[in-house]
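The values are calculated or read from the model by the stated rules, or taken from the named source; none is laboratory data. Predicted model only: the values in this text are computed from it and were never measured. Please note: Cβ atoms are built from the backbone with ideal geometry, for glycine as well, and neighbour counts cover all protein chains shown. Calculation scope for accessible area: heavy atoms of the full protein, side chains included, ligands and nucleic acids excluded. Shrake-Rupley method; radii C 1.70, N 1.55, O 1.52, S 1.80 Å.
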Amino acid sequence: MDIVFIFEWLDASWLSDLARTSAGLFSMVQAVHILSMIMLCGMIILGDLRMLNVVLTGVPSAVIIQNTKKWIYIGLAGIILSGIYESSAIAMKLATNSFFWAKMAGLAMGIIFMLSVRSAVYSRAPEVIGSNGSQSDPVDAWVVKLVAVAHLFIWFSVAANGRWIGFS
């Protein structure tokens with residue numbers, strides 16, 4: 001399936017013209033993109049390191065996961081919206097950039113993993129079940145830790161591929 005037409009459309013759009021002609025606006029949107037990444041990564045790292053029992057061990061993991069969820073979604077929205085704007089300035093270059101496609105694949109994988117596997121496993125972590133009285137069967141602690149490490153790895157790869165887009 002050829003999707004170059006999407007990049008051609010984006011390259012010819014008014015958004016692309018705005019991104020190319022307004023350096024100040026582009027810089028502000030880039031700052032929003034970076035701040036959104038920091039928010040997203042910070043909340044993910046906090047939640048996953050808590051599930052690995054590395055940080056905030058005195059705070060129930062259910063509280064950490066619940067309180068970071070909103071900020072993760074805000075960070076994701078900021079990254080996606082600002083990323084579309086930033087991409088419009090170099091749309092045709094990105095169409096053939098392997099790091100861009102690796103980042104998009106990682107982003108999709110990270111979102112799907114977070115909403116399905118991570119959510120399901122963390123809600124059934126032994127500590128969480130004990131704290132909220134849920135009747136579902138707990139997962140083994142090693143499974144929780146494996147999910148946390150895998151989740152961190154996925155998002156690290158997204159960030160690394162995003163950084164390499166600038167070098168290519």
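The table that follows gives values for the structure above.
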read-out	value
Some residue of region 49-59 being among the small types (Gly, Ala, Ser) and within 20 Å of residue 158 (Cβ to Cβ)	no
Scan of region 37-64 for residues that are outside any helix (DSSP H, G or I) and within 20 Å of the chain's Cα centre (by Cα), ordered by number	52
Any hit, region 62-85, residues being surrounded by 14 or more Cβ atoms within 10 Å (Cβ to Cβ), touching an Asp or Glu at 6+ places or on another chain (Cβ under 8 Å) and either within 18 Å of residue 160 (Cα to Cα) or in contact (Cβ under 8 Å) with a residue 60 or more places away in the chain (or both)	yes
Evaluation of residue 34 against (1) part of a helix (DSSP H, G or I); (2) hydrophobic (A, V, I, L, M, F, W, C); (3) open to solvent by less than 60 Å² (accessible area, probe 1.4 Å) (one fails), failing number	(3)
Residue in region 109-116 that is among the polar types (S, T, N, Q), open to solvent by 20 Å² or more (accessible area, probe 1.4 Å) and modelled with pLDDT of 90 or more present	yes
Among residues of region 4-25, those that are open to solvent by 50 Å² or more (accessible area, probe 1.4 Å) and within 27 Å of residue 156 (Cβ to Cβ), counted	0
Residues of region 144-168 classified as closer than 19 Å to residue 104 by Cα and either modelled with pLDDT of 90 or more or within 16 Å of the chain's Cα centre (by Cα) (or both), total	14
Which listed residue is part of a helix (DSSP H, G or I), at pLDDT 90 or above and among the charged types (D, E, K, R), from 93, 69	69
Extreme residue, farthest from residue 82 (Cα to Cα), among residues of region 14-53 that are polar (S, T, N, Q) and in contact with a helix residue (DSSP H, G or I) (Cβ under 6 Å, 6 or more places away or on another chain)	16
Residue identified as farther than 30 Å from residue 12 by Cα, exposed (fewer than 15 other Cβ atoms within 10 Å of the Cβ) and modelled with pLDDT under 90 among 141, 125	141
